[in-house]
Amino acid sequence: ETADRIASFELAPKQQHAVSVAKQSRSCSRSPIGRQSETGNANPNGTCSDRVDKQDAAYFDSYQCLEVHATMLADRVRTLAYRLALMRAYRLVYRRIGIDIGCGSGILTHFACEAGARVVYGLEAAAGMCSVAREFLRANGHLDSGKAVVIGCRAESLNELPCDGGRAEFLVSEWMGYCLLYENMLSSVLDARDRLLREIDDGFEVQMFPNRARLFIAGYTCGDQPDADNSSVLDEDMDLLGRLYGCNMTPIVDAIELQKRSRPSVALVEDTSHLITDSATLFCLNLASLTKSELASGQATSGTFQLDAIQCANLDAFCLWFDVEFPGSNTRLSTSPFSEPTHWQQTLVWLPRSVPVSIDSRLSGQVCLSPNRLNSRDLDIEVTLLPVGVKDGLVESLADVDAGEELKFTVTLDSCA
């Protein structure tokens, strides 16, 4: 029956993804708000366990909101990619024990059962969602048959699964946040991989869905059009208000512009002509071998870039996006501005000031992503932009660049909780 279902499975015809879905946040009432600081902020003295507990409680409580799950379910690019990946890789799933970290509504657990898993354990720390997931899986014939089990706990607090050997054979999770690593859910996934999956032996390899992730970068300009934060429209409104009130609104406009540049934006880049350079891969994560220490330190989540300008313009921001790949097939989920929109959209990291580039300019630098020291759910993005060079003067590494002034700053994606 499973083989017949897989053989007849076809991806629904591609439709224009609703922009309204892509523009929704994974938070019920607010999008992540960032802050910018000088590189080298003082490390806080020690860690407050009470603060960490409150932060985690607020994080899990935010996923009690059904609008969050409705947004993710409505993201057809995201949801169908997981279904297609599990169906195509059914030989890695069929009659095997699986675990779904952060199962939410239970949709990925359902897909794994649909692909023929023996049993799938869905772990969910948002208590209110456990009952929703159970009813969903019951309605689809998986709960009462014993093929799906929902466990209400954090992955870190579960020592073993209620099955022979206490370990699973594959792991599925939709852990990606804005700019790939926002919310730091990947840390929980890696912890579950190390403790709750079978060890590799006799040629058996634990399967992760997804198993690879990449982060990309390109240069962005506001140009003459309103940017992602509609600041050009705001300028016009303030000018009209200034004439109406008989005053000069320039200081307020300047302050708003300064504040905008001090925080990253999660926005949909609908007009790709605003991307004024080619793109580059910052880093690639192999989820089978990535360690929690590499993730926490930023060792594996940093990379250098060299971008060639394709038009003359002011460089106002860097545009970041990601993709993930799945094992056993060529299925890939992309959040590129050149692909169908997703609810992740893209992340714009604004420069403190605009940098003019010409058609022969080459931009070099480095980007490092790491959990924020005060709240590990927040994401620090440290950017280093070296003096603008020319394409003919290509250098092989940062060390080869002549000394000079460089632009270095850190922005933080946070929940403003």
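Rule-based calculations on the coordinates, nothing more; no lab input. Remember, it's a predicted structure, so these values are computed and weren't measured experimentally. Here Cβ is always computed from backbone atoms with ideal geometry, including for glycine, and neighbour counts include all displayed protein chains.
Over every pair of different alpha-carbon atoms in the range 213-414, take the mean of 1/r and invert it; report that Kirkwood radius in Å.
Numbers: mean 1/r = 0.0542 Å⁻¹.
Computed over Cα pairs of the range 213-414, the Kirkwood hydrodynamic radius comes out at 18.4 Å.
Would you kindly compute the Cα radius of gyration of the range 104-207 and its largest Cα-Cα separation (Dmax), both in Å?
Over the range 104-207's Cα set, Rg and Dmax evaluate to 13.7, 41 Å.
Over the range 213-414, what is the relative contact order in percent, taking alpha-carbon pairs closer than 8 angstrom and at least six residues apart? List each step's numbers first, then the result.
On the way: 399 pairs, mean separation 48.9, N = 202.
Result for the range 213-414 is 24 percent.
Output ³J(HN,Hα) for the range 343-355: one whole-Hz value per residue in order, computed from phi by the Karplus curve 6.51 cos²θ - 1.76 cosθ + 1.60 with θ = phi - 60°, and x for Gly and Pro.
Result, rounded to whole Hz: 5, 6, 6, 10, 10, 9, 9, 7, 6, x, 8, 6, 10.
Once amide H atoms are placed 1.01 Å from N in the peptide plane, what residues at a sequence separation of 5 or more from Leu282, or on another chain, have their amide H within under 5 Å of its amide H?
Leu215, Phe216, Ile217
So which of Lys54/Lys292; Lys260/Lys408; Lys260/Lys391 end up more than 29 Å apart by C-alpha?
Lys260/Lys391
How would you order 330-336, 139-145 from highest to lowest mean count of nearby Cβ atoms within 10 Å? It would help to have the intermediate numbers written out before the result.
Numbers: 330-336: 18.9, 139-145: 15.4.
Packing order, densest peptide first, comes out as 330-336, 139-145.
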